[in-house]
Each structure stands twice: as C-alpha cells, then as structure tokens.
1. Pick out the one residue from 531, 503, 513 that is part of a strand (DSSP E or B), buried (at least 16 other Cβ atoms within 10 Å of the Cβ) and either out of contact with any Gly (no Cβ under 8 Å at 6 or more places or on another chain) or at pLDDT below 95 (or both).
2. Do the conditions hold for residue 337, that is, is it closer than 30 Å to residue 27 by Cβ, open to solvent by 30 Å² or more (accessible area, probe 1.4 Å), polar (S, T, N, Q) and touching a strand residue (DSSP E or B) at 6+ places or on another chain (Cβ under 9 Å)?
3. Any chance the range 63-72 includes a residue that's at pLDDT 95 or above, under 18 Å from the mean Cα position of the chain (by Cα) and under 30 Å from residue 319 (Cα atoms)?
4. Do we find that residue 471 is open to solvent by 40 Å² or more (accessible area, probe 1.4 Å), at negative phi and not aromatic (Phe, Trp, Tyr) in this structure?
5. Residues 481, 523, 538: which one is of a type in the set (S, T, N, Q) and under 19 Å from residue 442 (Cα atoms)?
6. Which one is nearest to residue 92 (Cα to Cα), of the residues in the range 28-42 that are of a type in the set (Val, Ile, Thr) and buried (at least 24 other Cβ atoms within 10 Å of the Cβ)?
7. Within the range 138-150, can you find the residues that are over 25 Å from the mean Cα position of the chain (by Cα) and either surrounded by 15 or more Cβ atoms within 10 Å (Cβ to Cβ) or closer than 18 Å to residue 203 by Cβ (or both)?
8. Evaluate the following for residue 347: is it buried (at least 18 other Cβ atoms within 10 Å of the Cβ) and either of a type in the set (A, V, I, L, M) or within 19 Å of the chain's Cα centre (by Cα) (or both)?
Amino acid sequence: MKTETTTESVRVIRNPVLKGFNPDPSILRVEKDYYIATSTFEWFPGVQIHHSRDLANWRLVGRPLDRRSQLDMLGNPDSGGVWAPCLSHCDGVFHLIYSNVRQWKGDPYKIVDNYLVTAESIEGPWSEPVYLNSSGFDPSLFHDEDGRKWLVSMEWDHRNTARDRDRFTGILLQEYSPGKKMLVGSSRKIFEGTEIGLVEGPHLYRKNGYYYLLTAEGGTEYAHAVTIARSRSLKGPYEVHPGNPLLTSKGGEGLYLQKAGHGSLVETPGGEWYLAHLCGRPVDGKHCILGRETALQKCLWKDDDWIYLANGTNHPEAEVAGPMDGESFTGAEEHWNGEFDTELLDLHFQSLRQPVTEEWLSLTERPGWLRLRGFEPTVSLFRQSLIARRVQGFSSEVTTLLDFNPASFHQMAGLIAYYDTENHYYLRVSCGNNSCRNLDIISTVAGPSGELLKDSILLPKDMPVHLRARMCVASLQFAYSLNGEDWEDVGPELDSTILSDDFNHLGFTGAFFGICAQDMVRSGMPADFKFFKYRELSDPNSK
C-alpha cells in the first residue's frame with residue numbers, strides 16, 4: 001500500500017469523498033488507517049475498498065471478491081449482485097460480509113445469499129466464502145466486548161399478509177460461531193424500524209453502556225434516512241433517537257447532497273466521530289448520472305448519550321471539518337497513462353458479472369494492445385466481453401483507438417456509455433451486407449435497442465479508428481477520427497440522464513465508460529484497443 005503522510009491535519013473534508021457509484025459505505029478504522037467498503041452490484045470483482053489516513057483523501061486499494069468461487073453472478077439481474085457490504089476488524093483479522101442478490105425486482109420474493117470472507121491484510125488474499133443465511137439482505141457483523149460475534153440483517157417478508165404493508169419487517173440478530181463457521185442458536189427480531197419505514201442496512205456499536213443500532217430507512221431515493229436507536233441490552237428493546245432521523249436530505253430540496261442515508265460510524269484516535277453515508281447529486285433536480293456516492297458528516301455525542309450531526313441539523317453538508325488528529329495524506333493512485341502496454345489491467349476497470357479470463361481478454365497476444373474476443377450482446381445478463389470504469393465527473397470524456405475488421409454484422413466492437421442492460425449508448429464498428437466496415441450508434445433506452453443513425457458511416461478497410469465519448473452534465477456526444485486529431489461528431493447530442501438510477505426504473509449503480517466486443521457466431525475475431533484515456537473536464541456541478 002503506497003501512501004505518504006505528514007502530521008499536518010486536514011482542515012476541510014469536501015463531499016462526496018468517493019465520487020461516482022460508491023454507495024452503501026461501511027467505514028472502519030484500524031489504528032491510523034481508515035477503510036470504506038462500498039457496493040458493486042453486478043460489476044466484478046466485487047466490493048470496492050478505499051483507504052485513507054485523513055478522511056478527506058481516499059485511494060482505491062482493491063476489490064476482495066475476485067474469483068467465481070466467492071461471487072458467481074452469471075444471470076444476475078441489473079443492480080443485483082453485491083449489496084451493502086460490511087467491513088470489520090477483530091483479533092488481527094478483517095471480516096467482510098456481503099450479499100449476492102440473484103433476484104430482487106417484483107414481489108413477493110427476494111433471492112439472496114449472504115456470505116462472510118476474511119483476510120489478515122486488507123489487500124488479501126481473502127478466504128473462500130462462508131454461507132450465512134438467505135432471509136434478507138444488508139447483513140452486518142458485530143464483535144462484542146465479550147468475544148462473541150453477532151450477525152444483524154434486515155428481514156424480508158414474502159407472505160401475502162405483507163402485501164398491504166412494508167415487507168421490510170425488521171432487523172434480526174443471530175450469533176455467529178467462528179469455530180463452526182456458521183450461525184448458531186435462533187434469530188431474534190430486535191427492531192421493527194420507525195414510521196419512516198423500509199428498515200435495512202443495520203450496524204451495531206457499543207458505547208457508554210449502550211448498544212447503538214444504526215439503520216437505513218425510507219428507501220434509497222429522495223426520502224432516504226439514517227435512523228439510530230439504543231438499548232442497554234444487545235437483544236433490546238431499542239429506543240429511537242429523540243431527534244430521529246439522524247440524517248436525511250428529505251425536506252432540503254436545495255441541498256447539494258440528496259438521497260442521504262445508509263450510514264456507518266467511525267471514531268478517530270482522538271475521539272472524534274464521523275458518519276459515512278451514501279448520497280446523490282442530481283444534475284437537473286432528479287437524475288444522478290454519477291450514481292450514489294459516499295460522503296462524510298462530522299458528529300458529536302451530547303450529555304444525553306445520543307449522537308448528533310455537528311452542524312446542529314439532520315441535513316448533510318457539502319464541507320465538514322476534518323479530524324484534529326488526522327494526518328495529511330497523499331492517497332492518490334499512481335496515474336495510469338491509458339496505454340495498454342502493461343500486463344495488468346488498471347484497477348479502475350471492472351467487468352460485468354464474470355471475472356476477466358484469457359478466453360476473452362488478453363494484454364499479451366498483441367503486445368501494446370488490449371485484445372477482446374466477443375461474446376454476447378450488450379443486453380445480456382450472462383457473458384459480455386466488456387470492461388469499463390466509473391464516470392466520476394459530470395463533465396468527462398474517454399478516447400480509444402480500435403483496430404477491428406469484422407467479417408459480418410454478427411461482429412461488433414467499440415466504445416460504450418453504460419448504465420445497465422436496459423440503458424446504454426454504444427458507438428460500434430461492424431460490417432454491412434456489402435462487406436464494408438461501418439460506424440453506428442446502438443441506442444438502448446428503457447429496454448428497446450437498435451441502430452440510431454439513418455445511414456451508417458462508412459470506414460476505410462484495414463485502418464484503426466479513434467473513438468470518443470464526451471459527457472457534459474445531461475448530454476453525451478460521440479465522435480470519431482481517422483488520425484486522432486480531426487474529429488467528427490457521430491449522431492446527435494444524446495441524453496445522458498438515461499445513465500442514472502432515476503431514469504425509467506429503480507437502479508443502484510451509475511454511469512460507466514467502457515470498451516466491448518460482440519461475436520454472435522463465436523468466430524474468435526479479435527478486437528484490439530491501443531489505449532483507453534479517461535479524463536475529467538471542468539465540472540460545473542462541483543462545489
């Protein structure tokens with residue numbers, strides 16, 4: 001782990017601290033090191049972990065769920081997969097709890113399995129998974145002072161009797177045995193939530209003789225909230241904070257950070273407290289094209305043994321004071337120049353639902369190039385030859401150079417702006433009936449998919465083509481060039497708000513830029529990419 005620190009404290013934390021699709025934060029401190037684990041849903045490897053020493057500057061250090069034996073997501077629906085991880089540390093061992101959601105849309109069932117993996121180092125290797133349960137999602141592991149370990153998770157009720165009420169029926173508690181590697185004893189419902197409803201995302205803490213139960217409520221949209229309750233006994237009953245919710249954006253329509261909720265707490269070495277929580281930044285009052293992000297709020301404990309936001313309200317702030325004992329931390333990752341002259345993919349890349357293998361991606365077959373061999377179309381829930389990275393700035397662009405000579409219309413490759421299988425734009429090179437290469441945009445909006453241009457752009461044979469996507473807040477424009485200097489727009493200015501959680505259906509991810517290839521006849525036709533250069537432009541929505 002490469003870091004540089006000094007003893008100078010950081011005065012201001014600017015939110016969000018994790019920009020672009022980093023929701024459901026689970027924050028942890030181990031000595032001077034802070035870690036945040038966030039959800040990755042259908043993107044592989046699973047769970048993002050960032051590291052910091054000052055709470056203001058964060059560095060992506062890895063994704064623990066990096067093999068199919070830990071995370072099998074083939075066929076998972078959009079926004080299925082890894083929900084709400086919980087990262088904890090006890091007796092020199094990191095513990096990571098996560099859900100693999102196989103079905104979530106529609107009533108009455110949620111098909112979800114919950115697991116635990118462990119590691120002695122945050123960078124791994126991480127163990128094979130231990131199965132826990134399937135009665136709900138968002139599980140969390142609590143290490144009590146007496147050495148016992150307890151799992152808390154929300155309970156989902158599929159019965160008809162729940163049809164006219166909230167199916168999120170409460171928080172369950174059950175003991176976990178490290179020796180037996182299983183849950184033991186019976187589960188007990190310790191909290192049914194508040195009138196806000198949709199109680200989920202539980203975390204337990206112990207302080208001043210109380211057990212504190214932190215949960216998410218209100219659903220992960222504009223009524224989202226963080227609720228806190230306490231009890232002298234682990235098994236309850238739990239009383240709710242007198243000023244609940246602890247945090248919400250509801251009622252603050254002008255707030256920079258919306259959707260505030262799903263939080264976790266951390267204490268600094270000097271005794272200061274911070275709440276990590278998810279948030280969203282709508283570009284037009286509704287659409288959050290960067291997805292749900294992670295922010296931090298400073299908190300204070302008062303004489304009544306309740307925690308409050310330091311700003312005296314329950315609304316999030318764009319800037320908060322940093323910890324007095326925080327070290328100035330240079331946490332930026334080594335900058336990748338975008339060239340594929342390496343044997344390892346840049347850490348920011350992820351694939352959809354499956355691990356990267358030599359079967360479909362190679363950085364060595366053609367030195368200096370990344371080679372993709374196509375699989376299924378961009379609407380597939382199974383095997384896509386696609387790698388992509390998060391869009392983390394409202395104004396940003398990506399360029400690539402593609403060398404690809406398809407033999408038929410069954411073969412395609414190019415540059416994609418992706419949200420999920422129902423919403424994406426794809427600037428693709430393919431082949432027409434006259435065996436000529438052509439360039440077109442496949443537009444997939446709210447499900448239906450098809451070519452966008454009235455007439456495809458003809459391309460010279462046997463010649464690489466430069467492709468570009470440029471996003472400017474709510475618009476997206478594709479372009480191409482034959483020499484990398486003279487660019488021509490392809491198609492009209494497109495609506496980038498389709499790449500958001502808030503477009504045509506509830507979703508949980510964010511906008512990605514990526515490269516991909518399809519080959520519906522599985523001929524092994526290679527698509528070679530020379531580079532992938534992402535950069536953020538001046539950002540009109542930043543504060």
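The values are calculated or read from the model by the stated rules, or taken from the named source; none is laboratory data. What you see is a predicted model; the values in this text were computed from it and never measured. Backbone-built Cβ (ideal geometry, glycine too); neighbour counts: all protein chains shown. Just the protein is used for accessible areas: all its heavy atoms, side chains included, with ligands, DNA and RNA removed. Shrake-Rupley method; radii C 1.70, N 1.55, O 1.52, S 1.80 Å.
1. Numbers: 531 fails: either out of contact with any Gly (no Cβ under 8 Å at 6 or more places or on another chain) or at pLDDT below 95 (or both); 503 fails: part of a strand (DSSP E or B).
Answer to the check: 513.
2. Taking the combined requirement at face value, the residue does not satisfy it.
3. Yes.
4. Numbers: open to solvent by 40 Å² or more (accessible area, probe 1.4 Å): no; at negative phi: yes; not aromatic (Phe, Trp, Tyr): yes.
So residue 471 does not fit the description; no.
5. Among 481, 523, 538, only 481 is of a type in the set (S, T, N, Q) and under 19 Å from residue 442 (Cα atoms).
6. Per the criteria, the residue is 36.
7. 143, 144, 145, 148, 149, 150 - these are the residues of the range 138-150 that are over 25 Å from the mean Cα position of the chain (by Cα) and either surrounded by 15 or more Cβ atoms within 10 Å (Cβ to Cβ) or closer than 18 Å to residue 203 by Cβ (or both).
8. Details: buried (at least 18 other Cβ atoms within 10 Å of the Cβ): no; either of a type in the set (A, V, I, L, M) or within 19 Å of the chain's Cα centre (by Cα) (or both): yes.
Taking the combined requirement at face value, the residue does not satisfy it.
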